[in-house]
Amino acid sequence: MDDAVGLRNFRAIEAVARTGSVARAAESLGWSQPTVHHHLARLERALGAPLVEKGPTGSHLTPMGMLARQHGADILRIWDSLQQEIVAAQREDQLSVKLGAFPTIGSRILPLISSRVTQRPEWQHAQADGSQPRLEITVDESAIIQRRILEGDLDLAIVFAESDLPPHDAPDIDVSLLYLEPVWLCLPATHRLAQQTLTVDELFAELRDEPWVFGGDPLDYFDLQTRKLCAEFGFEPIVGARTSQYAAVIRMIESGMGVAVLPESAIDRSAGVFRARIDPSRLTRKIYLLSRRRSSAMLPSEVQTPRQLRERERLAFAVKHVIEEIRLSMSELKDLDEH
């Protein structure tokens, strides 16, 4: 008798009670009417009592049917809850490689990295047997990304340093230089100086009376570096506008509101902006890859089970692949920026 009681039987009686007819129950479930009748009959045979009666206005439950519906609803609720918990547990059990990057670089390389990683034969093989880690991507300000990897929320982080020193020397973080990003002096394409053949030094000297577009934070790295460069030419730049959005800076330059010093990844090459590259010995933006060491990340320090050790090996294997694709993508980005 127990084998005859299935979840579909309870779904059938619930639908009849809810809709008031077998026809409407079948429609709501996406079943045929004979299928609904079949499951109702199976439940009646299993319980040994009539559960549904047909009347002039449709079908309604007998007292035994109402009792079956009540307990059936509990069974369905328990089953649905179990399914949800199983899915949630599987998601938690699936390891993730968590990668963060700051916006200007992230928007250029993260889609490429994601596509390449998931197309690697090793990841496709892992996907086939259900062991593939997920690549979780976060895009946020560089300082926030740095803080998150220090706190253990990320496995990998692409950040920039706002000094000549690496971002930090935390003992559980490996730091490697990825890219020396070019920095440019940017003017409106229609600016009078854009029509002349001048060096960057000559341009700076000519811009002492021009308004400059700065970041929203007076302590912004490029604000400070711009002021330092201008000081070398004997003037304090005039602040014409402030904004934390690079896209807004570009629009302001295009419209003639001012000039600015910007990193390569912030510049839309299709925009109406004239660019003059600043000598890297004077100013560049250092982009670093931060990676959490596997010995200190993700898993507790106590003795680990064989399953935990396998997970750890699998995650380290996946992180290695992501790092390879990051380096390859950054190398291609460097080649593109130099042409």
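The values are calculated or read from the model by the stated rules, or taken from the named source; none is laboratory data. Bear in mind that the values here come from a model prediction, so they are computed numbers and not experimental data. Positions of Cβ are backbone-derived with ideal geometry, glycine not excepted, and every protein chain shown enters the neighbour counts. For accessibility, only protein heavy atoms count, side chains too; no ligands or nucleic acids. Shrake-Rupley method; radii C 1.70, N 1.55, O 1.52, S 1.80 Å.
A few comments on the model shown:
- Per-region count, region 43-74, residues open to solvent by less than 70 Å² (accessible area, probe 1.4 Å) and in contact (Cβ under 8 Å) with a residue 12 or more places away in the chain: 13
- Members of region 222-243 found to be under 13 Å from VAL261 (Cβ atoms), hydrophobic (A, V, I, L, M, F, W, C) and either open to solvent by less than 40 Å² (accessible area, probe 1.4 Å) or touching a residue at least 60 places away in the same chain (Cβ under 8 Å) (or both), listed by number: PHE222, LEU229, CYS230
- Close contacts from region 187-204, counting a first residue that is loosely packed, with under 14 Cβ neighbours inside 10 Å and a second that is aromatic (Phe, Trp, Tyr), with Cβ to Cβ under 9 Å and a gap of 6+ residues or different chains, come to THR190/PHE274; GLN195/PHE274.
- The condition of being under 25 Å from GLU151 (Cβ atoms), open to solvent by 60 Å² or more (accessible area, probe 1.4 Å) and modelled with pLDDT under 75 holds for ASP93.
- Helices (runs of 4 or more DSSP H) contained in region 22-109 and holding at least 3 residues under 42 Å from the mean Cα position of the chain (by Cα) and under 30 Å from ALA318 (Cβ atoms): 63-93
- Restricted to region 177-283, the set of strands (runs of 3 or more DSSP E) holding at least 1 residues that are under 26 Å from ALA143 (Cα atoms) and aromatic (Phe, Trp, Tyr) comprises 183-188, 211-214.
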